[in-house]
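Laboratory data are not the source of any read-out in this text; all were calculated from the coordinates shown. If you're wondering where the values come from, they're calculated on a predicted model, not measured in any experiment. Cβ sites come from the backbone with ideal geometry, for glycine too, and all protein chains shown count toward neighbours.
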């Protein structure tokens, strides 16, 4: 009996690590939301609950968040270079794969939203339009190495941008990486991380920049997670209706830059990637639902 319990615990930890890796990968894709992946994988409510109760139930929250956080780090570390390469040379097929993965996981979210009514429909379209509007925001241009030369005001602005991005990361369908792209921080941050990991460039400056960004992200995580937990506890179906709107509305944001100057053959490859992503996600969700793994 003890061996069975131990095996179940190990399986649960491995599952959370894999879920965390998927969430981490989503953070890298502009227009894609880690909250979307968490909702699709069925761990969203558990995740925001652990974050919002971090100080109240410290031990259980740490045990919940640690494997997910470890998976996120592993996912980013393992795939940031391949995804950066794919986004640079094959942007449309790359983002289409992730869009397919998102769409394939929508059916269980739709069921959680329950039957449609006037309030849910209004919230759905409001959320859809809000998420889609990010595609029309002008992208700020900043030098690729500007993060190495920040003054106090620059660090304060970095903290505020990271705070805003973290709020977006927690809400499914609102992309933190897209907000970083709009504010002109996405490319410099990705370059800073890869240069630090691969070449050890300016370690002190890089660690300071990443520490300030992490502080903003953590504060945003705690605040917005508490809000989302309250909404899910009081208005679960209505909240999921809005979540669906955010997720579907984020799709134009994902395609807005990737579709620039795409050839017909690129669109064919994108359609294939979309279909493959959808098939993988839909099959995974069906398997999980049948086995009740999440």
- [ ] Rounded to whole Å and ordered largest first, report the semi-axes of the equivalent ellipsoid of the stretch 153-239 derived from its Cα gyration tensor (root of 5λ).
- [x] 29, 13, 11
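Under the rule of -39500 (n - 2.57) per DSSP H run of 4 or more residues, summed and divided by the residues of the chain, what mean residue ellipticity at 222 nm is obtained, to the nearest 500 deg cm²/dmol?
-27000 deg cm²/dmol
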- [ ] Work the Kirkwood hydrodynamic radius out for the stretch 99-167: mean of 1/r over every pair of different alpha-carbon atoms, inverted, in Å.
- [x] 16.0
Task: Residue list for the stretch 57-101, given a label point 7 angstrom along the Cα-to-Cβ vector of residue 272 and an amide N cut-off under 18 Å - done: 86-87, 89-101
- [ ] May I ask for log10 I(q)/I(0) of the stretch 1-136 at q = 0.09, 0.17 Å⁻¹, from a Debye sum over the Cα atoms as equal point scatterers with solvent left out?
- [x] -0.35, -1.08
Open item on the list: At a 10 angstrom cut-off on C-beta neighbours, averaged per residue, how do the peptides 183-192, 89-98, 229-238 rank from highest to lowest?
Closed with: 89-98, 183-192, 229-238
- [ ] Determine which residues of the stretch 204-247 fall in the zone a paramagnetic label at residue 56 would reach in this model, i.e. backbone nitrogen under 11 Å from the point 7 Å along Cα→Cβ.
- [x] 226-227, 229-230
Task: Rounded if a/c under 1.5, otherwise prolate or oblate - the stretch 195-256, Cα gyration tensor axes - done: oblate
TODO: Could you let me know the centre-to-centre spacing of the stretch 193-218 and the stretch 112-186, using Cα atoms, in angstrom?
DONE: 21
Task: 251, 174 arranged by Cβ crowding within 10 Å, fewest neighbours leading - done: 251, 174
TODO: State the Kirkwood hydrodynamic radius of the chain in Å, one decimal place, computed from all pairs of distinct Cα atoms.
DONE: 19.8
Task: Ordering of 142-155, 44-57 by packing [mean C-beta count within 10 Å, highest first] - done: 44-57, 142-155
TODO: Set the Förster radius R0 to 51 Å, insert the Cβ-Cβ distance between residue 140 and residue 8 as r into 1/(1 + (r/R0)^6), and round the FRET efficiency to 0.05.
DONE: 0.60
Task: Nearest-0.05 FRET efficiency for residue 152 and residue 73, computed from C-beta distance (R0 35 Å) - done: 0.75
- [ ] Consider a paramagnetic label point 7 Å from the Cα of residue 133 along Cα→Cβ; state which residues of the stretch 213-245 have an amide N under 18 Å from it.
- [x] 242-245
Task: D (Stokes-Einstein, µm²/s), Kirkwood Cα radius, the stretch 74-214, 1.306 mPa s at 10 °C - done: 91
Open item on the list: Which three extents, in angstrom, do the Cα atoms of the stretch 7-49 have along their principal axes, listed largest first?
Closed with: 37, 19, 13
- [ ] Find how much the distance from residue 214 to residue 81 grows on full extension, using 0.36 nm per residue of separation minus their present alpha carbon separation; answer in nm with one decimal.
- [x] 45.8 nm
Open item on the list: Would you calculate the convex hull of the Cα atoms in the stretch 129-187 and tell me its volume per residue in Å³?
Closed with: 75
